[in-house]
Amino acid sequence: MEPLDLIKQAVKAQSHAHAQYSNFTVGCALLSENNDIVLGCNIESAAYPSTMCAERVAIYAALSKGITKFKAIAIVSSISGKPCGPCRQIIHEYLADIPIYISDGKSNDYETHHISDLLPHPFG
Ligand code: THU
């Protein structure tokens, strides 16, 4: 699957976000080794810390389906935001050093990162 196709799936996930407090929607699409696609969006809560990021929603959903091997991940938000610290830790622990495509979901431009660059000297 081409990066832009995975990014398109992340845009679809972004449209499902529950971002009623921040108005900042994030979408994530994970491509498994078997070419399954698992989506995640951010889900916010009135008890703010209960909010969950799109990346971890997707990763936890995939793991819950028994999917443990991944080829790529796409993350979409209006500012092409990079994953937050806790998401970087979970990406480090549960995804291999796969390409992380980051896009604003509007243009055909995207950045490619690896967790080894985003989280040097990780815990664990
Ligand atoms: N958010 C994500 O979904 N992923 C990140 O990596 C950073 C932040 C969400 C959480 C919250 O719903 C909103 O973006 C604003 O922080």
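Could you please tell me which pairs satisfy a Cβ distance under 6 Å, a separation of 6+ or placement on different chains, a first residue in segment 90-119 that is closer than 18 Å to Leu63 by Cα, and a second residue that is among the aliphatic types (A, V, I, L, M) and assigned to a loop (DSSP other than H, G, I, E, B)? Taking only residues 6 or more apart or on different chains, the pairs are His92/Leu119.
For segment 67-94, filtered to residues that are among the aliphatic types (A, V, I, L, M) and within 14 Å of the ligand (Cβ to nearest atom), the residue that is farthest from Leu4 (Cα to Cα) is Ile90. Inside segment 98-124, residues that are small (Gly, Ala, Ser) and at negative phi make up a count of 3.
Selection over segment 96-109 of residues that are under 16 Å from Met1 (Cβ atoms) and either among the hydroxyl-bearing types (Ser, Thr, Tyr) or not in a strand (DSSP E or B) (or both) gives a count of 5. Condition check for Gly40 on (1) modelled with pLDDT under 95; (2) touching a strand residue (DSSP E or B) at 6+ places or on another chain (Cβ under 9 Å); (3) not hydrophobic (A, V, I, L, M, F, W, C): one failure, at (1).
Residues that are within 12 Å of the ligand (Cβ to nearest atom), crowded, with 23+ Cβ neighbours inside 10 Å and part of a strand (DSSP E or B) within segment 4-61 comprise Val26, Gly27, Cys28, Gly40, Cys41, listed in sequence order. Of the residues making up segment 72-95, those that are part of a helix (DSSP H, G or I) and loosely packed, with under 12 Cβ neighbours inside 10 Å number 1.
Residue count for segment 62-71 under the criterion of being crowded, with 18+ Cβ neighbours inside 10 Å and at positive phi: the result is 0.
The values are calculated or read from the model by the stated rules, or taken from the named source; none is laboratory data. Keep in mind that what you see is a predicted model, and the values were worked out from it rather than measured. Note that we place each Cβ from the backbone using ideal geometry, even for glycine, and neighbour counts take in every protein chain shown.
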